[in-house]
Amino acid sequence: MGRLEGEEAPLGMTAAPAAAATAEDGGGGRSRSSRAAAAAARISPWLLGAALAALPLIGPGPNLIRLLFVTLVWVTASVAWNLLGGFGGQVSFGFAVFYGLGAYAAAVALNAGLDPVSSCLLAAGVATVASLAIGLPTFRLKGPYFAIATIGVSEAVRVVMTNVSATGGASGYRVMERGAFHQLQHFYSALGLAAGAVAISVLVRRSRLGLALVAVREDEDAAADLGVNPLRAKLLAHAIAAALTGAAGGLHARYAAYVNPQGEFAFAISVAILLMPIIGGVGTIWGPVIGACIYGLVHDEIIAAFPQLHLLIYGSLLIVIVLFEPAGIVGLLRRLVRAGDRRGRQGGRGGQEGQDGRGRAHAAAAP
Amino acid sequence: MPPPLLRVERLTKTFAGLAALQDVSFELERGGIYGLIGPNGAGKTTLLAILAGALRPTAGRVVFEERDLTGMPAFAAVRHGIVRTHQVPRPFRTLSVLDNVEVGIRFGRGKAAAEEAGPAAGSAAMRILERVGLTHHARAVAGTLSVGDQKRLELARAIAARPSLLLCDEVCSGLTAPETESVLRLLREIRQAGTTILYVEHDLKAIMAVCDRVIVMDHGQKLAEGTPAEVQRDPAVVEAYIGGEVGKGDPAGTAGAAGAGGAAGTGEA
């Protein structure tokens with residue numbers, strides 16, 4: 001019975017719907033270093049957000065602002081992809097469709113005289129509708145078959161957009177917005193959208209939908225046998241992810257004032273959107289953010305330094321991560337914290353091995 | 001006479017021309033534990049899969065609580081009160097044991113109540129773990145449980161969805177004798193709480209110890225139906241299936257199991 005009372009404590013925690021942090025550490029109390037790491041993890045997002053919001057005050061050059069703007073657009077798309085791909089386990093190679101449709105929708109809306117906010121909402125709406133149209137047939141497929149189908153759909157959309165003359169076909173489409181160009185306005189809208197994406201990701205993870213997605217990822221049939229409607233969960237996650245990605249594409253189109261099929265619908269966009277969460281840690285809250293920051297900040301440098309080789313570099317990186325640390329950078333950090341714990345407790349207690357295995361198994365699921 | 005809980009009418013399922021089920025009909029009354037036995041390939045698991053909505057029958061009807069549920073998808077069958085467990089446990093491996101149960105609570109038939117209760121849903125999950133004896137593993141990651149505990153978790157998740165008909169697929173296979181005994185006790189408790197159970201099992205001792213009635217299948221057809229004692233005396237059953245086993249060692253074995261079951265029963269009372 002004493003055992004049972006001991007278990008009461010975590011109840012409040014696990015009662016939080018998806019109970020993300022439930023099995024964080026298997027059993028046993030948390031050590032000082034892991035508590036410190038948890039505290040740091042809790043504070044750092046706020047610090048980062050505040051720092052970014054305050055950054056323009058110290059007057060960085062337009063180049064840095066541009067780089068940060070692009071990175072924030074990537075953060076949004078990366079966090080969005082993770083909703084479906086990370087929580088739900090549905091690996092899509094087709095997110096360029098939502099990014100591109102959002103970009104085009106916003107471009108057309110802006111040229112028609114719509115204000116930026118409405119244009120962005122329209123971009124999100126168009127991408128959402130597309131996500132349902134694509135999701136209904138492709139979610140009948142599972143695993144790699146689904147992934148391949150999304151490649152097909154995304155290529156088809158690119159070819160179609162290349163041939164739509166209303167938006168300039170292959171030569172692209174220019175956005176003519178009246179009024180002066182305020183770079184900081186763009187920056188803050190991207191910051192707001194990225195923060196919103198992270199907030200949505202947290203909410204989804206804690207919600208009933210989040211629990212359904214993780215259950216579907218682990219075993220779709222078993223989830224259905226407990227009352228989860230897998231198609232509904234996937235379509236919902238797909239729709240939310242598409243809306244965010246479409247809005248991100250819309251923001252970028254407005255900033256660049258130009259969209260073209262080879263750019264917005266490129267397969268490389270789809271790959272980038274999938275690569276970022278994998279680098280950072282799929283199925284976690286902060287992994288996709290970290291991955292997108294790294295990708296956004298180094299992408300231009302890598303292309304400049306290795307114009308022919310950059311795809312090879314990304315490909316090799318992907319293989320290394322999947323082989324050695326499937327939970328990405330977040331998984332690596334967790335492992336380091338645990339290693340620190342062990343060193344701190346050394347001598348006193350044994351039997352940490354099983355706990356380590358548990359923690360690692362869970363690393364794929366918890367934020 | 002109240003209408004039966006479940007009426008299976010002339011259920012047939014063919015796979016590429018091969019009949020896995022042929023014209024199977026039976027009825028389940030509320031509140032019993034029904035055994036479903038038969039040799040490998042008799043169609044037991046196929047029947048279970050159809051009842052749970054995982055497979056669509058080629059012909060025939062499944063009428064549950066006076067409603068035609070034939071061909072209904074699995075998640076919808078759950079909402080009507082039919083929940084299954086799996087022969088080979090299928091936990092959500094990276095989720096904690098408690099969260100596994102949580103899925104059943106929040107998506108099963110009690111989901112409306114669970115949403116109203118909010119955080120209290122967590123303690124509901126804990127109470128279910130208590131019933132199956134898994135509280136000490138509540139926070140463990142499900143993939144790390146032993147097979148015996150994974151089988152218990154299968155049951156815990158299933159009852160969390162509040163079934164009125166629980167389909168159990170070999171919940172005792174691969175368990176030690178004491179583990180089997182505790183699972184059988186659990187099945188009796190679940191029945192006592194008002195859930196009807198259809199129990200597929202290879203272990204005849206377990207079936208005979210716990211079931212009120214037994215349905216025997218062979219080659220996709222229903223061979224016999226009756227109380228455990230009647231079924232064991234049925235010449236067709238003895239000849240077609242149990243023949244060797246019952247003829248030789250089983251009467252003694254059954255008596256032993258029944259004795260143990262009786263002892264467990266008085267222990268509870």
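The values are calculated or read from the model by the stated rules, or taken from the named source; none is laboratory data. Just so it is clear, the structure is predicted and the values come from calculations on it, not from any experiment. When we count neighbours, we look across all protein chains shown, and the Cβ atoms used for this are built from the backbone with ideal geometry, even at glycine.
Which residue, of B:Arg90, B:Arg84, B:Arg56, is within 26 Å of B:Pro4 (Cα to Cα), within 20 Å of the chain's Cα centre (by Cα) and either acidic (Asp, Glu) or within 8 Å of another protein chain (Cβ to nearest Cβ) (or both)?
Going through B:Arg90, B:Arg84, B:Arg56 in turn, the sole match is B:Arg84.
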Across region A:199-208, which residue is surrounded by the fewest Cβ atoms within 10 Å (Cβ to Cβ) among those that are in contact with a helix residue (DSSP H, G or I) (Cβ under 6 Å, 6 or more places away or on another chain) and more than 10 Å from chain B (Cβ to nearest Cβ)?
-> A:Val204
List the number of the failed condition for B:Val83; all other conditions in (1) outside any helix (DSSP H, G or I); (2) out of contact with any Pro (no Cβ under 9 Å at 6 or more places or on another chain) hold.
-> (2)
Any chance B:Val78 is among the β-branched types (Val, Ile, Thr) and more than 7 Å from chain A (Cβ to nearest Cβ) | no
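Kindly provide the set of residues from region A:73-113 that are in a helix (DSSP H, G or I), among the β-branched types (Val, Ile, Thr) and surrounded by fewer than 24 Cβ atoms within 10 Å (Cβ to Cβ), ordered by number.
Within region A:73-113, A:Val108 is the sole residue that qualifies.
Yes/no matrix, rows are residues, columns are (1) touching a helix residue (DSSP H, G or I) at 6+ places or on another chain (Cβ under 8 Å); (2) crowded, with 21+ Cβ neighbours inside 10 Å:
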{"residue": "B:Leu6", "(1), (2)": "yes, yes"}
{"residue": "B:Phe15", "(1), (2)": "no, no"}
{"residue": "B:Val24", "(1), (2)": "yes, yes"}
{"residue": "B:Ile37", "(1), (2)": "yes, yes"}
{"residue": "B:Leu48", "(1), (2)": "no, yes"}
{"residue": "B:Ala54", "(1), (2)": "yes, no"}
Given the conditions (1) in a loop (DSSP other than H, G, I, E, B); (2) over 30 Å from A:Pro144 (Cβ atoms), every one holds for A:Leu48 apart from (1)
Qualifying positions in region B:45-76 - among the hydroxyl-bearing types (Ser, Thr, Tyr) and part of a loop (DSSP other than H, G, I, E, B) | B:Thr58, B:Thr70
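Working carefully through the options B:Glu27, B:Glu102, find the one that is in a helix (DSSP H, G or I) and either within 16 Å of the chain's Cα centre (by Cα) or within 14 Å of another protein chain (Cβ to nearest Cβ) (or both).
Within the list B:Glu27, B:Glu102, the selection yields B:Glu102.
Conditions (1) in a helix (DSSP H, G or I); (2) closer than 30 Å to A:Val70 by Cβ, marked per residue:
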{"residue": "A:Gly210", "(1), (2)": "yes, yes"}
{"residue": "A:Ala215", "(1), (2)": "yes, no"}
{"residue": "A:Leu226", "(1), (2)": "no, no"}
{"residue": "A:Arg232", "(1), (2)": "yes, no"}
{"residue": "A:Ile240", "(1), (2)": "yes, yes"}
{"residue": "A:Leu244", "(1), (2)": "yes, yes"}
{"residue": "A:Gly250", "(1), (2)": "yes, yes"}
{"residue": "A:Ala253", "(1), (2)": "yes, yes"}
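Yes/no matrix, rows are residues, columns are (1) aromatic (Phe, Trp, Tyr); (2) free of Cβ contacts under 8 Å to residues at least 60 places away in the same chain; (3) at positive phi; (4) not in a strand (DSSP E or B):
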site	(1), (2), (3), (4)
B:Pro3	no, no, no, yes
B:Val8	no, yes, no, no
B:Ala19	no, no, no, no
B:Gln22	no, no, no, no
B:Leu36	no, no, no, no
B:Asn40	no, yes, no, yes
Can you list the helices (runs of 4 or more DSSP H) found entirely within region B:116-214 that contain at least 1 residues being modelled with pLDDT of 90 or more and surrounded by fewer than 23 Cβ atoms within 10 Å (Cβ to Cβ)?
-> B:120-132, B:147-160, B:177-192
Filtered residues of region A:169-203 (kept if in a loop (DSSP other than H, G, I, E, B) and polar (S, T, N, Q)) | none
Tell me, please, whether a residue that is of a type in the set (A, V, I, L, M), farther than 21 Å from A:Ser154 by Cβ and more than 18 Å from the chain's Cα centre (by Cα) can be found in region A:256-270.
-> yes
From (1) touching a Lys or Arg at 6+ places or on another chain (Cβ under 9 Å); (2) surrounded by 24 or more Cβ atoms within 10 Å (Cβ to Cβ); (3) more than 16 Å from A:Pro288 (Cα to Cα), pick out the condition that doesn't hold for A:Pro116.
-> (2)
Of A:Ala147, A:Ala133, the only residue that is among the small types (Gly, Ala, Ser) and under 18 Å from the mean Cα position of the chain (by Cα) is A:Ala147
Tell me which of these A:Val216 doesn't satisfy, since it passes every other one: (1) of a type outside the set (D, E, K, R); (2) within 14 Å of another protein chain (Cβ to nearest Cβ); (3) in contact with a strand residue (DSSP E or B) (Cβ under 9 Å, 6 or more places away or on another chain); (4) in contact (Cβ under 8 Å) with a residue 24 or more places away in the chain.
-> (3)
